[in-house]
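All remarks here apply to the structure that follows.
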Amino acid sequence: MALSTTFYNAFFRRNSVYVGTVFAGAFAFGIGFDLGVTKFYDTWNKGKQWKDIRQKYVQESE
Amino acid sequence: MLSRLSAGVLKNAASSGAKKTALGARSSVRYASSNASASTVDAILSSRATLASASLLSVGTIAWYTHLYGTIPFVGEVHASHLSDEGLHPPSYPWSHKGILDTFDHASIRRGYQVYREVCAACHSLNRIAWRNLVGVSHTSDEARVMAEEHEYTDGPNGEGEMFQRPGKLADYMPNPYPNEEAARAGNAGALPPDLSLIVKARHGGADYIFSLLTGYIDPPAGVEIREGMNYNPFFPGGAISMARVLFDGIVEYDDGTPATTSQMAKDVVTFLNWAAEPEHDERKKLGIKAVIIFSTLTALSLYVKRFKWGPIKNRKIIYKPPTDH
């Protein structure tokens, strides 16, 4: 069985599965994309943001 | 538009003119395609459309120039006022948050808050910023709480209908140095120190202007008279400003050991004020990265889909086959 057929049978044959795939994919993409952009942003602005200098000021009592 | 038109016309005129004389020498047969051109040039040069488009081009160019530079080209201007009345334009400084991907330098915001508190806050209010806004930006919540408690706020009324004093809380806004505008004017020789919450957005030149103003105090040049109690600053429109120079080397002592030079303090306090004017700045730029990525992908996708769908329609060939036998 060709890969495309397997793919078709797995995701596209039933509409419920298809819609579910779209929703789950959107959710996963949203999280992954956000993580990726945040990672890039934090690398680009290394040492400038509050989370980079925070440990100098928090009290040790925690 | 006119230049393209005239160049093409000239070329046509030259070639067709030559063709015409050659043809005329050989025979007297006149071809409509080769012969009408001499009069075509005349027709184009004297047509109403040419006149209209040339006029439109001139008017459009002048209008564009006027829009761009504010004056009509080649006409001199006479000013009743001197240009210094508009203030010197500030140079463009390389702020740490200048690029489209750059966040504020939060260590600088923290130092800038210290400069604001120890120097500026004597006269300038900052009434759109609450103590809680500093938390997670330049101070921890414990530090912000302690700083808030150092100030007294009027609250109430209590059970007896009396107003009472209490120490500040995180939710309180920064206290004003004067109880009202009249008191502020009376304390500053009639000049009202502006609220600094949105000052970076409220002034032309923004952060560059405020930095230049804070570091730009000089002696007035020859011929400029400054009244008693006023100070000369070339960046301030008019040159005479009521605020005196306040930042001098070493008037603030930073906790992180940064040397407190005038320009360092000015840079820090301007970064702090820029944050106060745009607290959403860092998050906005991050969202901007996301938006640009997503929207450019969607644009590319929709362009591709359009070409994909239109391909067969654009490339089809319609052939008429006449009926063969009847």
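Averaged over its residues, how many other protein chain Cβ atoms are within 10 Å of peptide A:41-53's Cβ atoms?
Mean number of neighbouring Cβ atoms from other chains: 6.
Using a simple charge model, +1 on the beta-carbon of Lys and Arg, -1 on the beta-carbon of Asp and Glu, nothing else, what dipole does the range B:163-303 show about its Cα centre, in debye to the nearest 20?
500 debye
Just want the ordering: B:Phe236, B:Phe295, from fewest to most Cβ atoms lying within 10 Å of their own Cβ.
So the ranking, lowest neighbour count to highest, is B:Phe295, B:Phe236.
Quick one: grab the alpha carbon gyration tensor of the range B:160-258, order the square roots of its eigenvalues as a ≥ b ≥ c, and give me rounded if a/c is under 1.5, else prolate or oblate depending on whether a/b is larger than b/c.
prolate
Pick out, from A:Trp44, A:Val17, A:Gly32, the residue whose Cα sits farthest towards the positive end of the charge dipole of the range A:10-62, with +1 on the Cβ of Lys and Arg and -1 on the Cβ of Asp and Glu.
It is A:Val17, whose Cα lies furthest towards the positive end.
Fewest first, what order do B:Lys286, B:Lys169 take by the number of other Cβ atoms within 10 Å?
Lowest count first: B:Lys169, B:Lys286.
Where the centre of each part is set by its Cα atoms, how far does the range B:271-310 sit from the range B:73-139, in angstrom?
26 Å
Positive end of the charge dipole of the range B:102-248 (Lys, Arg +1 and Asp, Glu -1 on Cβ, about the Cα centre): tell me which of B:His204, B:Val135, B:Ala107 has its Cα farthest that way.
With unit charges placed on the Cβ atoms, the residue in question is B:His204.
Is there a quick way to get the dipole size of the range B:99-205? I mean about its Cα centre, with the Cβ of Lys and Arg at +1 and of Asp and Glu at -1; what is the value in debye to the nearest 20?
460 debye
Computed over the Cα atoms of the protein assembly as shown, what is the ratio Rg over Rh, Rh following Kirkwood?
Ratio of gyration radius to Kirkwood radius: 1.21.
From other protein chains only, count the Cβ atoms within 10 Å of every residue's Cβ in B:288-301, then give the mean.
1
When the Kirkwood radius is taken over all Cα pairs of chain B, what Stokes-Einstein diffusion coefficient follows at 10 °C and 1.306 mPa s, in µm²/s?
For the chosen part, D equals 58 µm²/s.
Counting only other chains, what is the mean number of Cβ atoms within 10 angstrom of the Cβ of each residue in peptide B:105-113?
Averaged over the peptide's residues, the number is 3.
Could you put B:His124, B:His79 in order, starting from the residue whose Cβ has the fewest other Cβ atoms within 10 Å?
Lowest to highest Cβ neighbour count: B:His79, B:His124.
In debye, nearest 20: dipole of chain B around its Cα centre with unit charges on the Cβ of K, R (+) and D, E (-)?
The calculated dipole for chain B is roughly 4220 debye.
Please report Rg (one decimal) and Dmax (integer) in Å for the Cα set of chain A.
Radius of gyration, then largest Cα-Cα span, for chain A: 21.3, 63 Å.
Which is farthest toward the positive dipole end of the protein assembly as shown among B:Ala54, B:Thr215, B:Asn158, measuring Cα position about the Cα centre, with Cβ charges +1 (Lys, Arg) and -1 (Asp, Glu)?
B:Ala54
To the nearest 0.05, what FRET efficiency results for A:Trp44 and A:Thr21 with a Förster distance of 45 Å applied to their C-beta separation?
The formula returns an efficiency of 0.85 here.
Rule-based calculations on the coordinates, nothing more; no lab input. Computed from a predicted structure; not experimentally measured. Backbone-built Cβ (ideal geometry, glycine too); neighbour counts: all protein chains shown.
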